Amino acid sequence: MIIEKGRLLKISILRFDPHVVGDKPRIECFEIEEAPGMTLFIALNDIRQYHDASLKFDFVCRAGICGSCAMIINGKPGLACSTLTAKMEAEISLAPLPVFELIGDLSVFTGNWMRAMNERLEAWIHQNEAADYNRLEPRMEPELAEQIYELDRCIECGCCVAGCGTIQMREEFAGAVGLNKITRYQLDPRDERSGDDYYELVGDEDGVFGCMTLLGCEDVCPKKLPLQSKIAYLRRKMLEVGLKKACSCEG
Ligand code: SF4
Ligand code: F3S
Ligand code: FES
């Protein structure tokens, strides 16, 4: 039986470990044979197994749901485990996501950025009274539940953050991931915060008015979330609150 050989893939990786004294950023190129159904995650494992055991990259689920394998793939943020090499040219370049703390090579620590953003935006359900776990939740219209579920599909991979020019200029900018969360809570009738409360959180240049509609976020979101239309929705809502506040001051 003749076994056909796969393509020869040339994978260039930006390597640097800030924790190794004297290490310098450099591009290293690895050649591996493509296998049927190969993803970039499998290719990286091949490299680590057969070429360089010190290569650092992250993964957990291998199914596009944990968000940990996000990296810059041929210049664009994406998930290594959901990217088939068969859909790419044989020459591939990989680099770590910018913005986040670099652990080494392709591995970054998105957790501290996401945690700080979640805490800053208080991204959880707020209720005025202490939770009564025996109380039945009020009925929610299925359409509204669907809308909230849609936004809850965010896996905090950081692709939208890495693909947003505003974050490069304004460190505290909530990013599409943060604005998506606020939209999600604002829609949720169980969250009892007022328009003013949301305005305090995102009604400024680090929030919804800082977004310059660069659109990179939606282009690179692996979960295909409707980030653009939701940012526009939130901006309209915050404008309404801002105008009301301005009128009541004048009165
Ligand atoms: Fe990732 Fe999309 Fe969530 Fe941004 S909004 S963190 S790109 S899943
Ligand atoms: Fe950034 Fe997306 Fe706005 S890329 S500027 S959050 S439209
Ligand atoms: Fe979980 Fe890729 S390993 S999203």
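The values are calculated or read from the model by the stated rules, or taken from the named source; none is laboratory data. Since the structure is predicted, the reported quantities are computational estimates derived from the model, not experimental observations. FYI the Cβ positions are ideal-geometry reconstructions off the backbone, even for glycines, and counts take in every protein chain you see. With ligands, DNA and RNA removed, areas are computed over all heavy atoms of the protein, side chains included. Shrake-Rupley method; radii C 1.70, N 1.55, O 1.52, S 1.80 Å.
For region 17-52 and region 178-251, what is the separation of their C-alpha centers, rounded to whole Å?
40
What is the Cα centroid distance between region 89-104 and region 128-164, reported in whole angstrom?
31
What's the extension gain from Arg135 to Glu89 if we count 0.36 nm per residue and subtract their Cα-Cα distance?
Stretched out fully, the Arg135 to Glu89 stretch lengthens by 10.9 nm.
With both partners inside the chain, how many of the DSSP beta bridges are antiparallel, as a percent to the nearest 5?
That works out to approximately 80 percent antiparallel.
If you add up the charges near Glu34, with Lys and Arg at +1 and Asp and Glu at -1, over every other residue whose beta carbon is less than 15 angstrom from its beta carbon, what do you get?
Value of the local net charge: -2.
Kirkwood Rh, region 87-236, all Cα pairs: how many Å?
Computed over Cα pairs of region 87-236, the Kirkwood hydrodynamic radius comes out at 16.7 Å.
Using a 1.4 angstrom probe on heavy atoms only, work out the carbon and sulfur share of the accessible area of the chain in %.
54
When the label point is put 7 Å from the Cα of Asp197 along its Cα-to-beta-carbon vector, which residues of region 101-132 have a backbone N closer than 17 Å?
Backbone N within reach: 118-132.
Roughly how many Å² is the accessible area per residue of the chain, as a whole number, for a 1.4 Å probe?
Heavy-atom accessible area per residue stands at 57 Å².
Just to confirm a number: summing +1 for Lys and Arg and -1 for Asp and Glu over residues other than Arg7 whose beta-carbon lies under 9 angstrom from that of Arg7, what do you get?
Residues near Arg7 contribute -1 overall.
Listed highest first by mean packing, meaning other Cβ atoms within 10 Å per residue, what order do 137-146, 8-17 come in?
Ranked from most to least packed, the peptides come out as 8-17, 137-146.
Give the cross-link partners of Lys76 among the lysines, using a straight C-alpha distance below 30 Å as the criterion and excluding same-chain residues fewer than 8 apart.
Here the lysines satisfying the reach criterion relative to Lys76 are Lys5, Lys10, Lys24, Lys56, Lys87, Lys181, Lys223, Lys224, Lys230.
As a test of the formula, what do you get for the chain when each DSSP H run with n ≥ 4 contributes -39,500 (n - 2.57) and the sum is divided by the residue count, at 222 nm and rounded to the nearest 500 deg cm²/dmol?
-10500 deg cm²/dmol
Hydropathy first: keep DSSP H helices in the chain averaging at least -0.5 on Kyte-Doolittle, then drop any whose Cα extent along the axis falls short of 30 Å, and list what survives.
Helices meeting the span and hydropathy rule in the chain are 227-250.
Which of the peptides 70-79, 49-58 is most tightly packed, and how do the rest follow, judged by the mean count of other Cβ atoms within 10 Å per residue?
Highest to lowest by the protection proxy: 70-79, 49-58.
Apply 1/(1 + (r/R0)^6) to the Cβ-Cβ distance of Asp204 and Trp124, taking R0 = 22 Å, and write down the FRET efficiency to the nearest 0.05.
It comes to 0.60.
So which aspartates and glutamates pass the test for Lys244, namely a Cα distance under 13 Å, with those fewer than 8 places away in the same chain ruled out?
Output for Lys244: Asp196.
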